[in-house]
1. Please work out if Lys39 is basic (Lys, Arg), without any contact (Cβ under 8 Å) to a residue 60 or more places away in the chain and within 30 Å of Ile193 (Cα to Cα).
2. Can you pull out every residue in the stretch 69-92 that is within 21 Å of the chain's Cα centre (by Cα) and open to solvent by 100 Å² or more (accessible area, probe 1.4 Å)?
3. Filter the stretch 222-252 down to the residues that are on the phi > 0 side of the Ramachandran plot and open to solvent by less than 20 Å² (accessible area, probe 1.4 Å) and list them by number.
Amino acid sequence: MDSLEKELAAVEKREKKLLAGGLKKGKVKQAVYEKVPEKVSGLLEAAFSKAFKTVFINGTPLIERTFDKEGAGLEFEARDYIVDRAGNKKSLRRLDKQAKKDSKINHAATTAAGLGLGFLGLGLPDIPLMVGTILRGVYEIAIGYGVDYGSEEEKRYILRLICTALSDGGQRDACNRKLDSMEYGGGTLAGEIASTARMLSDALLVEKFVQGLPVVGVVGGAVNFSIYRRIAALAAVKYKKRYLMRKLSERG
């Protein structure tokens, strides 16, 4: 077994561990639903849905102002070339290091200022910022492993990835199978947005409930980071796995 195959086995092991973890939310969700008026849950879901539509249609160029897309792409090409030449563990870890560095959520103020998505007349101005921040992180990870996130097909993949990261139990297994088996077919972008908005709304309410924060109200920073961290962790594993499988396929 060579370095690429060994690295793929290690990534799949991390993926399995990641998907096995997480909060078992069945009873917690039920407790939340009993406390939160249906109108509030519906408002939150609608806010996420509108935020995704806005970011995908008009917001991606704004997100790209907050990081160096071209530089990240060139960095990937250089590191990918080294992987082709060396093909060892060290060269693969250098690729990881760049992708992880790019995806760190350490420029929140810059993101907030650059996105210009803070107010959509929703009464929940931090929702579009949260969506923009999540997508920014996933975009940077995707670029770090040589994937262009601009196509509608890749947007659907990203939405399914978010759903998988925030799901639980048997639902997570089903979401992950749907994610891994997708050949960029089936479903529409609008349908994936609706599913992801519902999943994010549920995850947000559950996180606030578990952390002892008021369930009704604006999004808290601690909750934002908890949700972002889960999505970014799965994105890093999935995009690296795709990269390794692509390299093995190219080698024949």
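1. For Lys39, the condition - basic (Lys, Arg), without any contact (Cβ under 8 Å) to a residue 60 or more places away in the chain and within 30 Å of Ile193 (Cα to Cα) - is met.
2. Scanning the stretch 69-92 gives a single hit, Glu70.
3. Residues satisfying the conditions do not exist here.
Yes/no matrix, rows are residues, columns are (1) in contact with a Gly (Cβ under 6 Å, 6 or more places away or on another chain); (2) at pLDDT below 85; (3) open to solvent by 90 Å² or more (accessible area, probe 1.4 Å); (4) not in a helix (DSSP H, G or I):
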position: Met1; (1), (2), (3), (4): no, yes, yes, yes
position: Glu5; (1), (2), (3), (4): no, no, no, no
position: Ala10; (1), (2), (3), (4): no, no, no, no
position: Lys16; (1), (2), (3), (4): no, no, yes, no
position: Lys29; (1), (2), (3), (4): no, yes, no, no
position: Val40; (1), (2), (3), (4): no, yes, no, no
position: Ala47; (1), (2), (3), (4): no, no, no, no
position: Phe52; (1), (2), (3), (4): no, no, no, no
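The values are calculated or read from the model by the stated rules, or taken from the named source; none is laboratory data. Since this is a predicted model, take the numbers as computed values, not measurements. Here Cβ is always computed from backbone atoms with ideal geometry, including for glycine, and neighbour counts include all displayed protein chains. Accessible surface is based on the protein model in full, side chains and every heavy atom, while ligands, DNA and RNA are left aside. Shrake-Rupley method; radii C 1.70, N 1.55, O 1.52, S 1.80 Å.
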